[in-house]
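The values are calculated or read from the model by the stated rules, or taken from the named source; none is laboratory data. Nothing here was measured: the structure is a model prediction, and the numbers come from that model. Neighbour counts run over all protein chains shown; Cβ positions are idealised from the backbone, glycine included. Heads up: the accessible areas ignore ligands, DNA and RNA and are worked out on the full protein's heavy atoms, side chains in. Shrake-Rupley method; radii C 1.70, N 1.55, O 1.52, S 1.80 Å.
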Amino acid sequence: MSYQTLRIERDEAAPHVAVLTLDRPDRMNAFDSVMRAELPRAWEELRADTTVWCVVVTGAGERAFCTGMDLREPPPPAPPPAAPSATPPRTGTAVRLTPLDCDLGKPVIAAVNGMCAGGGLVFVADADIVIASENAVFTDARTSAGQVSIAGTLRLARKIPLEAVFRLVMLGKAERWTAMRAYQLGLVSEIVPPGELLARAKAIAATICESSPSAVFWSRHAIWESLDTGLGEALEMGWDVVHGFPRAYPDAKEGARAFVEKRNPAWEYQEPPRKGERAPKA
Amino acid sequence: MPTFETLKLERRGATALLTLHRPERLNAINGVMSRELPAAWREVKADPEVAVVIVTGAGGKALSTGFDVADVAAGSANFGVEGEKGKLSSVKLTALQNRCWKPVITAVNGLCCAGGLHFVADSDLVIAAEHATFFDPHVGVGLVAGLEPIGLARRMALEPVLRMALLAARERMSAARAFELGLVGEVVPRERLLERAFELAALIGEGSPAAIATTKRALWESLDVGLSAALGIGQRAIDSHRGHPDGREGALAFREKRKPRWQPLVLE
C-alpha cells in the first residue's frame with residue numbers, strides 16, 4: 001500500500017520489524033487530514049501483515065517527531081451529536097490515530113527524534129516502549145491556543161506522575177521537557193544520540209521479536225486491558241490469559257522444548273488479540 | 001476577600017493565595033480550619049477574578065501537619081463540615097474535595113505530613129522549598145493512613161507511598177527525592193518559593209481558562225474509572241469544548257501574532 005504522509009519500511013536484518021515514519025518533515029510531521037485518514041489504514045495493514053511482529057514509530061527528519069494537529073488546516077468536523085437515547089457511556093476516542101486506538105495488537109516502540117508537541121504526545125502515550133534522541137523536547141501548547149489537552153494526556157496520566165501531566169497541560173508552551181526530564185519521569189527509558197536513535201529502536205524491536213510473538217501480544221494486551229478496571233478484576237482477567245494461553249497457542253510447548261533442546265525456538269505467528277478480548281481460545 | 005480565623009485568603013491580580021494560618025501549631029488543621037476551608041473554596045470558585053490558586057502554609061516551617069493531635073488528645077476535636085459528620089464528604093480541605101476546577105499550585109514550605117498530605121495529593125502542580133519534607137505519621141500514633149496514601153498512589157510510584165505509610169514518622173522524604181519521583185515538579189530555595197508559585201500562576205494564566213478547567217476536570221475524573229471509560233470522559237470533554245470561542249481566538253491570535261483574549265471562566 002502507498003501513502004502520501006507516511007512511510008512503512010522493512011529491513012532484512014530485522015525481518016519482523018516494521019518502521020512507520022510520520023513523513024511531513026516540512027510541517028514538523030503534524031497531522032493533516034490526509035495523515036489522519038492514512039494512519040488507521042497503516043495500522044490495519046501492519047496488523048494484518050503476519051511477518052510484522054513489532055513496530056517502530058518515528059518522525060521524518062531530525063527536527064520533529066510530531067507536533068500534533070496541523071494548525072494551518074481547519075479542525076476536523078465535529079462528530080454527529082450523540083443520540084439522546086439512553087446509550088451506554090462512550091468509550092474510546094473519536095479521532096483514531098494511534099496503534100492503541102486502531103487496535104494494532106502488536107508491540108510499538110516510539111523513537112522520539114525531536115519535538116514532540118501537543119497531539120503528537122498521543123504516540124508517546126500509546127507506545128509500549130519509548131526512547132528519545134538527545135535533542136527530543138516534549139511540550140503541549142494546546143491550552144495556550146485555547147484548545148483542551150485531553151487526547152494523549154489521559155493515557156499519559158496512567159504512565160507517569162500526575163503532577164508532570166498537570167504541568168504540561170496547564171503551563172502550556174512555557175513547559176518544555178528535555179529528554180533527560182522525560183527519562184527521570186519514566187516517560188522514556190533510553191536517551192541516545194540522534195544519529196543512533198533508529199538503529200537502537202530497531203535493535204530493541206528485534207530483541208522483542210526473539211520471544212514468542214503471541215506471548216508478547218497477549219502480555220501487552222493483558223497489561224493495557226488491566227488499566228480498564230480495578231486490581232482484583234484485572235488479576236482475574238490476567239489469570240484467564242495466563243491459564244488459557246498454553247492451551248490455545250503451540251508457542252508455549254515449543255518454547256519449553258527449545259529450551260530443553262538448547263536450540264532457537266521456531267515460533268508460530270498467530271493473529272494478535274482484539275481490544276476487549278478476554279482470553280485466548282483453544 | 002473575606003477574613004478567616006485560621007486562613008488567609010488574598011488576591012494578587014488573577015491569583016488567589018490561600019495560606020493555612022496557624023503557624024504556632026505548624027498549620028495543623030483544627031475544627032475551625034476544617035470548616036473555614038470549604039468557605040474559602042466557595043469564595044475562590046465564585047470569584048470570576050480568580051484564575052489560579054496557590055496553597056501554602058504560614059511561617060517557614062510547615063505547609064501543614066494534618067489534623068491537630070492536641071485537639072484529638074484533649075477530646076475537644078470537632079472536625080468536619082456540620083451535617084456531613086461521619087462521612088467522607090465531611091473532609092473538605094482541598095480544591096478537589098470542594099469540586100473547584102480552577103488550577104491549584106501547592107507551594108510546600110516545610111513539613112507536609114499526615115492530613116497535610118491531602119493538599120499535595122489533590123493538587124495540580126506542586127513545588128517545594130529545599131527544606132520541605134514529606135511523611136505520614138498515622139500508624140505511629142495508632143491511626144490508619146487510609147486516605148492520603150490512596151490519593152498519592154495515583155500520582156507517583158507505589159513503593160514510596162507504601163514506604164511512607166508504613167515507616168510513619170521514622171523516615172522523611174526529602175524535597176529532592178520528591179522531585180526525583182515526580183511528586184513535586186520543582187524544588188526552589190525557600191526564599192524563592194512563593195515568588196516562583198506566582199510566576200507559575202502567571203504562566204498558567206496565559207492559557208485559555210475554559211480549556212484549562214475542562215482539561216483539569218477531565219484528567220481528575222478520568223482517574224475515577226478504568227482507562228477505556230476514561231477516554232470516553234475525555235471525548236465528551238473534547239466535544240463540550242468544540243465551538244468554544246477560545247478555540248477560534250487561540251488560532252486567530254496565533255496567526256495575528258498577538259496575545260489571545262480569552263473568555264472569562266464561569267464555573268457552575
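For the range B:146-152, putting each phi into the Karplus relation 6.51 cos²θ - 1.76 cosθ + 1.60 with θ = phi - 60° gives couplings of x, 10, 4, x, 5, x, 5 Hz, in residue order, rounded to whole numbers and with x for Gly and Pro. With each label modelled as a point 7 angstrom along the Cα→C-beta vector, the residue A:203-residue B:144 pair spans 5.1 nm.
Computed extension length for residue B:69-residue B:166: 33.0 nm, one decimal, from 0.36 nm per residue of separation with the Cα-Cα distance subtracted. Computed from the C-beta positions of residue A:271 and residue A:247 and an R0 of 22 Å, the FRET efficiency is 0.85 to the nearest 0.05.
Of the peptides A:30-41, B:99-110, the order by per-residue mean of other Cβ atoms within 10 Å, starting with the highest, comes out as B:99-110, A:30-41.
A simple spin-label model places pseudo-atoms 7 Å from Cα toward Cβ; at residue B:88 and residue A:239 they are separated by 2.6 nm.
Cα convex hull, chain B: 142 Å³ per residue, rounded to a whole number.
Take the Cβ atoms of residue A:44 and residue A:258, set R0 to 35 Å, and the FRET efficiency comes out at 0.60. Its residue count N fixes a reference of 2.2 N^0.38 Å for the range A:212-282, and the Cα radius of gyration divided by that reference is 1.18. Of the whole protein surface, residue A:226 contributes about 30 Å² of accessible area at a 1.4 Å probe radius. Averaged over the residues of B:152-162, the number of partner chain Cβ atoms lying within 10 Å of the residue Cβ comes to 2. Extension gain for residue B:61 to residue B:154 (0.36 nm times residue separation, less C-alpha to C-alpha distance): 30.8 nm.
To the nearest ten degrees, helix A:162-171 and the longest principal axis of the Cα atoms of chain A are 30 degrees apart. Taking amide hydrogens as placed 1.01 Å from N in the peptide plane, the amide H of residue B:29 sits under 5 Å from those of B:65, B:66, B:67, B:68, each at least 5 positions away in sequence or on another chain. Take the Kirkwood radius over Cα pairs of chain A, plug it into Stokes-Einstein at 37 °C and 0.692 mPa s, and you get 165 µm²/s for translational diffusion. Taking the inverse of the mean 1/r over every pair of distinct Cα atoms in the protein assembly as shown gives a Kirkwood hydrodynamic radius of 25.0 Å.
Count charges around residue B:206 for me, please; just the other residues with Cβ under 11 Å from its Cβ, Lys/Arg as +1, Asp/Glu as -1. Counting the neighbours of residue B:206, the net charge comes to +2.
What's the average, rounded to a whole number, of partner chain beta-carbon atoms within 10 Å of each residue's beta-carbon in A:168-181? Let's see the in-between values first.
Numbers: counts 1, 10, 17, 9, 7, 3, 7, 5, 0, 0, 0, 0, 0, 2.
Mean number of neighbouring Cβ atoms from other chains: 4.
For residue A:262, the lysines whose Cα comes closer than 30 Å to its Cα, not counting residues fewer than 8 places off in the same chain, are A:106, A:202, A:253, A:281. Only lysines eight or more places from residue B:259 in sequence, or on another chain, were considered; those with a Cα closer than 30 Å are A:173, B:45, B:102, B:216. Rolled with a 1.4 Å probe across the full set of protein chains, the surface gives residue B:119 an accessible area near 10 Å².
The phi torsions of the range B:9-23, fed into the Karplus equation with coefficients 6.51, -1.76 and 1.60 and a -60° offset, translate into couplings of 10, 10, 10, 10, x, 8, 10, 9, 10, 9, 10, 6, 10, 9, x Hz, rounded to whole numbers, with Gly and Pro shown as x.
Averaged over the residues of peptide B:213-225, the number of Cβ atoms from other protein chains lying within 10 Å of each residue's Cβ is 5. Distance between the pseudo-spin-label points of residue A:176 and residue B:257 (7 Å out from Cα toward the beta carbon): 1.8 nm.
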